[in-house]
Amino acid sequence: MIYQLKTQSPQATNTPSVLMIYTGGTLGMVFDRESKSLKAFDLKEILRNAPEMERLDFNLSILPFEKPFDSSNVTPEIWQQIARFITVEYDSFDAFVILHGTDTMAYTASALSFMLEGLNKPVILTGAQLPIGVARSDARENLITALEIAADRIQGKPVISEVAIYFNNRLLRGNRAKKSESSQFNAFDSENYPFLADVGITADYGFPYIKPHEENAELNPKFGMDKNVIILKLFPGICEKMIAKILKINGLKGVILETFGAGNAPTEDWFIDLLKEAIESGIYIYNVSQCTGGRVLQGHYETSRMLGEIGVISGSDITTEAAITKLMFLLGQELPREEIVEKLRQPLAGEMTV
Ligand code: ASP
């Protein structure tokens, strides 16, 4: 159910309308004395603690999840639900803000960036490191600025026309972001892509890096997501029997192979043979670096040359969060193999630079 929180006077017909979707996360949590831990709470807590929302000069409506959740419990089914909410309300609102826990915000932002093909309006995720009811909370600033950025327009057009994360004075491309900090307020970074905005007294937008607004783009949402994927992180000492077992999991369709440095891996025969066998059986193996900055360059070192030769697909500078959601998304579209391989190599929604 959508609640209308703020409506401008009927004279202000040109005022943007923002829909805020509340999913949960620390921002709206309260301390539960019984369990002595933070628990998701309902929308009232947010509204009570952010009276500033009353002073915003645009229309604001709220769509709360019936049961707000800690984002560690997010699932592809929830991404589908959010994508459906946005699709259904797409023509009724100019912008969308999603309140979400920080733990998996980068996964949700990445998934939505792929599912909402043709998106031409702002979808801005935000949250907080401290609950909104705590005096020192970062929630109010994140919430209010995310809403203002969502409503921001230049010559009648939205400034942002993509999925982004606003957090601690920075706007980041959603599918480039990573949660890098769990105690400081600057929870997110995007090492391989410049910030879309630095926010102080005003928002200083990085226009060359923002996806341009396309006048006639039409939303063409795709909801399919396939969960038959896994992330396999390499480490010195990883052994044959473990990898062999993982690659033979019944139903496995895709693997994010988290490699060392610029996409490097052991060159031992057993390792290469196991990967080769998996690829020949139809499994997609996507090479993503364990480093947060830099890119996979298959063939640059002897230790990555074979990967390219046997058909491991380079993820270039993609994050693990974007890679796993992209793989689920592409597998969910049931495309021919060559098309999936090609789409893994190329950016779908600005998530990588090749
Ligand atoms: N565990 C919380 C969540 O992701 C953390 C947060 O919101 O910052 O939902």
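The values are calculated or read from the model by the stated rules, or taken from the named source; none is laboratory data. Keep in mind that what you see is a predicted model, and the values were worked out from it rather than measured. Glycine also receives a Cβ, built like all others from the backbone with ideal geometry; neighbour counts cover every protein chain displayed.
Can you name the residue in the stretch 36-70 that is charged (D, E, K, R) and in contact with an Asp or Glu (Cβ under 8 Å, 6 or more places away or on another chain) and is also farthest from Gln81 (Cα to Cα) among such residues?
Among those residues, the one meeting the criterion is Lys39.
Yes or no, residue by residue, for (1) more than 15 Å from the chain's Cα centre (by Cα); (2) of a type outside the set (Ser, Thr, Tyr); (3) surrounded by fewer than 18 Cβ atoms within 10 Å (Cβ to Cβ); (4) closer than 25 Å to Asp103 by Cα:
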residue	(1), (2), (3), (4)
Glu162	no, yes, no, yes
Tyr166	no, no, no, yes
Gly174	no, yes, no, yes
Glu181	yes, yes, yes, yes
Gln184	yes, yes, yes, yes
Tyr193	no, no, no, yes
Leu219	yes, yes, yes, no
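Among the residues of the stretch 50-87, what is the count of those that are basic (Lys, Arg) and either within 16 Å of the ligand (Cβ to nearest atom) or modelled with pLDDT of 95 or more (or both)?
So the answer is 2.
If you scan the stretch 176-198, which residues turn out to be touching a strand residue (DSSP E or B) at 6+ places or on another chain (Cβ under 7 Å) and more than 16 Å from the ligand (Cβ to nearest atom)?
Within the stretch 176-198, Ser190, Tyr193, Phe195, Leu196, Ala197, Asp198 qualify.
Scanning the stretch 2-33 for residues that are assigned to a loop (DSSP other than H, G, I, E, B) and at pLDDT 85 or above, which turns out nearest to the chain's Cα centre (by Cα)?
For the stretch 2-33, the residue satisfying everything is Gly25.
I'm checking my understanding of the structure. Among residues of the stretch 88-145 that are part of a helix (DSSP H, G or I), under 20 Å from Ala349 (Cβ atoms) and of a type in the set (Ser, Thr, Tyr), which one is farthest from the ligand (Cβ to nearest atom)?
Here the answer is Ser113.
Please name all residue pairs, on different chains or six or more residues apart, with Cβ atoms under 9 Å, provided the first residue is in the stretch 12-39 and is touching a residue at least 60 places away in the same chain (Cβ under 8 Å) and closer than 24 Å to Val159 by Cβ and the second residue is within 14 Å of the ligand (Cβ to nearest atom) and of a type in the set (Asp, Glu).
Between residues of the stretch 12-39 that are touching a residue at least 60 places away in the same chain (Cβ under 8 Å) and closer than 24 Å to Val159 by Cβ and residues that are within 14 Å of the ligand (Cβ to nearest atom) and of a type in the set (Asp, Glu), the close pairs are Leu27/Asp138.
Checking Ala177 against (1) closer than 15 Å to Pro122 by Cα; (2) touching a residue at least 40 places away in the same chain (Cβ under 8 Å): exactly one of these is not met. Which one?
In the conditions (1) closer than 15 Å to Pro122 by Cα; (2) touching a residue at least 40 places away in the same chain (Cβ under 8 Å), Ala177 misses (1) alone.
From the residues in the stretch 34-45 that are outside any strand (DSSP E or B) and within 13 Å of the ligand (Cβ to nearest atom), which one is surrounded by the most Cβ atoms within 10 Å (Cβ to Cβ)?
Checking each candidate, the answer is Ala40.
Name the strands (runs of 3 or more DSSP E) wholly inside the stretch 228-335 in which the number of residues that are charged (D, E, K, R) and crowded, with 22+ Cβ neighbours inside 10 Å is 2 or more.
Output list is empty.
One residue is enough: does the stretch 137-147 have a residue meeting the conditions surrounded by fewer than 19 Cβ atoms within 10 Å (Cβ to Cβ) and touching a residue at least 60 places away in the same chain (Cβ under 8 Å)?
Within the stretch 137-147, one or more residues are surrounded by fewer than 19 Cβ atoms within 10 Å (Cβ to Cβ) and touching a residue at least 60 places away in the same chain (Cβ under 8 Å).
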